[in-house]
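Take a look at the structure set out below.
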Amino acid sequence: MPAMTSPMSLAAMPWLAYLLDHTPRLPSAPRPFGAFHLVLLGLVLCLFALMVLFRKRIPRSERAVQHVLMIFALGLLLLEIGKQIVCSYDPAGGWAYNWEKFPFQFCSVPIYVALIAMCLPHGKVREALLCFLATYSPVAGASVLFYPAGFVFSEVIFLDVHTMIWHGAMLLFGLYLWLSGAVKAEWRTAGYAALVYVPLNFVALALNEASYALGFAEGYTFNMFYTGRLGRCLIPVLSTIQKTCPYPVFFVSYLVALGVGGALVTVVMMGIRWLAERKK
């Protein structure tokens, strides 16, 4: 595999290489629905239940929402920096950027959406970004939490903890946005979220095509959103469509399938609001 090495950076950071050489590793990756997965999943579900149980005490002011958004965005940023460093170092081969871990998978985009929303004044654009974080983001987070494919966990303990914290945060922050009233249980929320969701898919498409044309990820599996025409989709049902249908059909199917998933979150919340209003 081609290596993107920098002797100067290696010489300047011998302490980092030392730390990475001694990063705790397991003999094998944790199994989905094994003890590690179930314990951390249980912790996330406990936090979810506590947030619902004490929903009336959740801070709802604009200032509080902004603070929680900042914690979420900056927390993801720090986690991703750590992940990129760990994935770019091989104790046997040294430093080489791992393009397979390039941070623009569907579960990675909340970091960009949250950072942008954090910096924007109140308005339609910020509202649309928050709508995305309240719908598509928790759907993606919950999907990995409850159905971690074989590639989710690894022998590196930091990466295993990272993925559970990351996807758990996506789910819990999405819940916070609903409980705090930062997003409303109405059709407009689904529409605003889709206005963010659809363009992100075309950014991923452009990145995949750029990697084919320019060859910058040669030797690595570069497949953003798992929708690359030369890549392999790992999502059930969609993987079958990819194998049996022309690429445009697969891409549109992906757009529609995940789009429906995000919209269903809004529908569920509208249903919960309707039931709550009937009890009054």
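Along each principal axis, taking the top coordinate minus the bottom one, the Cα set of the stretch 230-277 gives 49, 17, 14 Å in descending order. For the stretch 102-195, a Kirkwood hydrodynamic radius built from all Cα pairs, placed in the Stokes-Einstein relation at 10 °C and 1.306 mPa s, yields a translational diffusion coefficient of 114 µm²/s. In the stretch 157-198, the C-alpha radius of gyration followed by the widest Cα-Cα span (Dmax) gives 13.7, 41 angstrom.
For the stretch 142-280, the alpha-carbon coordinates run over 60, 38, 25 Å along the three principal axes, in decreasing order. Summing +1 for each Lys or Arg and -1 for each Asp or Glu among the other residues whose beta-carbon sits under 14 angstrom from that of Leu195 gives +2.
Cross-link partners of Lys83 among lysines, defined as those whose alpha carbon lies under 27 angstrom from its own and excluding same-chain residues fewer than eight positions apart: Lys101. The per residue volume of the convex hull around the alpha-carbon atoms of the stretch 199-280 is 112 Å³. Helices meeting the span-like rule in the chain (full DSSP H runs, Cα extent of at least 27 Å along the helix axis, mean Kyte-Doolittle score of 1.0 or higher): 62-87, 124-146, 157-180, 247-279.
The GluC sites (Glu not before Pro) found in the stretch 145-240 that occupy coil by DSSP, while having at most 15 further C-beta atoms within 10 Å, are Glu155, Glu186, Glu218. Straight-line reach from Lys124: taking Cα to Cα under 16 Å and skipping same-chain neighbours fewer than 8 places apart, the lysines in range are Lys184.
Seen from Cys131, the other residues with C-beta closer than 13 Å to its C-beta sum to a net charge of +2, counting Lys and Arg as +1 and Asp and Glu as -1.
Between the listed residues Trp187, Phe173, Leu230, the Cα displaced farthest toward the positive end of the dipole of the chain, a dipole computed from Cβ unit charges relative to the Cα centre, is found at Trp187.
In this Cβ point-charge picture (+1 for Lys and Arg, -1 for Asp and Glu), the stretch 169-280 has a dipole of about 520 debye about its Cα centre. Does the stretch 81-135 classify as rounded, prolate or oblate by the C-alpha gyration tensor (a ≥ b ≥ c root eigenvalues; a/c under 1.5 gives rounded; else a/b over b/c gives prolate, otherwise oblate)? Prolate, since a/c reaches 1.5 and a/b exceeds b/c.
Shape class of the stretch 171-245 from the alpha-carbon gyration tensor: prolate, with a/c at 1.5 or above and a/b greater than b/c. Dividing the summed helix terms, -39500 (n - 2.57) for each DSSP H run of n ≥ 4, by the number of residues in the chain produces a 222 nm estimate of -22500 deg cm²/dmol to the nearest 500.
Take the alpha carbon gyration tensor of the stretch 8-91, find the square roots of its eigenvalues, order them as a ≥ b ≥ c, and report rounded if a/c is under 1.5; if not, report prolate when a/b exceeds b/c, else oblate. Since a/c reaches 1.5 but b/c is at least a/b, the shape of the stretch 8-91 is classed as oblate.
Counting Lys and Arg as +1 and Asp and Glu as -1 over every other residue whose Cβ lies under 10 Å from the Cβ of Ser154, the net charge comes to -1.
When all alpha-carbon pairs of the stretch 52-162 are counted, what percent fall beyond 17 Å? Pairs farther apart than 17 Å: 64 percent.
Seen from all directions on average, the chain presents a Cα convex hull projection of 17.1 nm².
Every number in this text was worked out from the coordinates using simple rules, so none of it is lab data. Quantities reported herein were computed from a predicted structural model and do not represent experimental measurements. All Cβ positions, even for glycine, are placed from backbone atoms using ideal geometry, and neighbour counts span all protein chains on display.
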